[in-house]
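Structure first, commentary second.
Please treat every number below as a calculation from the coordinates, not as lab data. Values in this document were obtained by computation on a predicted structure and should not be read as measured data. Glycine also receives a Cβ, built like all others from the backbone with ideal geometry; neighbour counts cover every protein chain displayed.
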Amino acid sequence: MMVVGTDLVEVGRIQEMIERWADRFLERIFTSEEISYCQRQVRPAQHFAGRFAAKEAVKKALYSAGQTEPVLFKQIQVNRDQQGAPWVRLRGLSEIPQVSISHTDRYAVATAILESP
């Protein structure tokens, strides 16, 4: 069985969280690798929003697949391959979801697909 999780995030909302909480927000949600990557981009908030949406989408897929234990944001790390496609590493979990991220100036959306036993 395949399960899907999708999430939509307003880039401006993430920008506001960064401005209000700075490192406290970033370090609670993102790994150091994710923070480093996003901060190197021209529009960091877009990339943080995309990763936030991806993490939420992965959590939704995991819970739809029957995950009963809480999944922390930092257990989900969103990376990019050499062609720029996102891929996810889950710390402490054996599942390997596929993820797609897209964003505009205003919104970021992500979909995660997971094969459930």
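Remark: relative contact order (the range 2-115) = 39 percent; criterion is Cα-Cα distance under 8 angstrom and separation of 6 or more residues. Assuming charge only on the beta carbon of Lys and Arg (+1) and of Asp and Glu (-1), the dipole of the range 1-98 about its Cα centre is about 80 debye to the nearest 20. Using a Gaussian network model of the chain in which every pair of alpha carbons under 10 angstrom is joined by a spring, one finds that among P70, P44, P97 the greatest mean-square fluctuation is at P70.
For trypsin sites (Lys or Arg not before Pro), the sites in the range 1-51 that DSSP calls loop and that have at most 13 other Cβ atoms within 10 Å are R40. Of the residues G92, V58, F30, the one whose Cα sits farthest towards the positive end of the charge dipole of the range 2-115 is F30 (charges of +1 on Lys and Arg Cβ, -1 on Asp and Glu Cβ, taken about the Cα centre). In the chain, the DSSP-assigned H stretches of four residues or longer account for a calculated mean residue ellipticity at 222 nm of -12500 deg cm²/dmol, using -39500 (n - 2.57) per stretch and the full residue count as denominator. In degrees between 0 and 90, to the nearest 10, how far off the longest principal axis of the chain does helix 11-21 point, with axes built from Cα atoms? Taking Cα atoms only, the helix is inclined about 70 degrees. Taking the longest Cα principal axis of the chain as reference, the axis of helix 44-64 is set at about 20 degrees. Summing +1 for each Lys or Arg and -1 for each Asp or Glu among the other residues whose beta-carbon sits under 13 angstrom from that of V78 gives +2. Taking Cβ atoms as reference points and 14 Å as the exclusive limit, the residues near R40 contribute a net charge of +1, counting Lys and Arg as +1 and Asp and Glu as -1.
Both the radius of gyration and Dmax for the range 2-115 are 13.2, 38 Å, in that order, over alpha-carbon atoms.
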